[in-house]
Amino acid sequence: MEEFYPVPDEALKKRRFIEYKSNFIDPLFPQDKSIKIADLGAGYGLFLDACKRQGFTNLEGVEIIPKFAEYAEKELGLKNISRSDLFVYLESKSDNCFDIITAFNIIEHIKKEKVQDLLNLINRKIKSGGMFIMEVPNGDSPLGVHTYFTDITHEFAFSRKLAIKLLILAGFGGIKVMYQPMRRNPLIILGRKILAKLVGSEYPLMFSGNIILVGYKK
């Protein structure tokens, strides 16, 4: 799997920081910097690094690939990265212990028959009113299908309806759906809007490679 994800260069790290800050941390996170945050499939640690740079102090993550975890620890100074399977990591935590759990581009790597069990487990570990953020390939979009097929370890892509249903079954409510930022060229935007209208789809739904869902524990 690590062959698909090379070490991030400075340009990528800067872009990811801006995306994480503007799309998630600023609009969604509470002001309390001591909240407990866990990132599942932390990769090279770019999301947790963004949280740390914004002043959040109670951070941890899990990453099974040693190369990724070592980079997060040595290059970004992240000390709480567990090298473990997601299920083993979550089962080791007490119920209702996290304020926020995130899973960026990791759920699509889980076997289909285990996805609902994982989402149920995530719900158990979040405090009442706490938040779960999930980003997965967008099965409603040609770009999302392309994303799905670019990594042999992807199990499947998620349509919006499927993703929402799975989160509801796991006990999440107040679900919000977002999409990756798209091209800002006005001519491209106009052309895509026209095409989406012609095929009876929504512009963001059809032209976003990933779908992002935010759910709150009831």
Per residue of the chain, what 222 nm ellipticity follows from adding -39500 (n - 2.57) for every DSSP H run with n ≥ 4, rounded to the nearest 500?
-> -11000 deg cm²/dmol
Mind checking the angle between helix 160-169 and the chain's longest principal axis? C-alpha axes, 0 to 90 degrees, to the nearest 10.
-> 30 degrees
Report, in debye and to the nearest 20, how large the dipole of the range 1-112 comes out about its Cα centre when Lys and Arg carry +1 and Asp and Glu carry -1 on their Cβ.
-> 200 debye
Protection proxy (average C-beta count within 10 Å per residue), highest first, orders 23-36, 42-55, 109-122 as 42-55, 109-122, 23-36
Solvent-accessible area per residue, Å², over the chain with all protein chains present [probe radius 1.4 Å] = 50 Å²
Highest to lowest packing among 123-130, 168-175, scored as the average C-beta count within 10 Å | 123-130, 168-175
Taking a ≥ b ≥ c as the square roots of the eigenvalues of the Cα gyration tensor of the range 9-80, is the shape rounded (a/c under 1.5), prolate (a/b larger than b/c) or oblate?
-> oblate
If you count the DSSP beta bridges with both ends in the chain, what percent of them are antiparallel, to the nearest 5?
-> 45 percent
Chymotrypsin sites (Phe, Trp or Tyr not before Pro) lying in DSSP loop within the range 104-151, provided at most 15 other Cβ fall within 10 Å | none
Length gain on complete extension for the stretch Lys74 to Glu113, per 0.36 nm per residue less the alpha carbon to alpha carbon distance?
-> 10.5 nm
Let a ≥ b ≥ c be the square roots of the eigenvalues of the Cα gyration tensor of the range 49-97; is it rounded (a/c under 1.5), or, if not, prolate (a/b larger than b/c) or oblate?
-> oblate
The chain - percent relative contact order, Cα under 8 Å, separation 6 or more = 18 percent
How many percent of the accessible area of the chain is carbon or sulfur, using a 1.4 Å probe?
-> 55 percent
Point-to-point label distance, Leu169-Lys33, nm (Cα→Cβ direction, 7 Å offset) | 4.1 nm
Rounded, prolate or oblate: pick one for the range 102-143, where a ≥ b ≥ c are the square roots of the eigenvalues of its C-alpha gyration tensor, a/c under 1.5 means rounded, and failing that, prolate if a/b is larger than b/c, else oblate.
-> oblate
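The values are calculated or read from the model by the stated rules, or taken from the named source; none is laboratory data. Since this is a predicted model, take the numbers as computed values, not measurements. Glycine gets a Cβ as well: all are built from the backbone with ideal geometry, and neighbour counts include every protein chain shown. Surface areas here come from the heavy atoms of the whole protein model, side chains and all, with no ligands, DNA or RNA. Shrake-Rupley method; radii C 1.70, N 1.55, O 1.52, S 1.80 Å.
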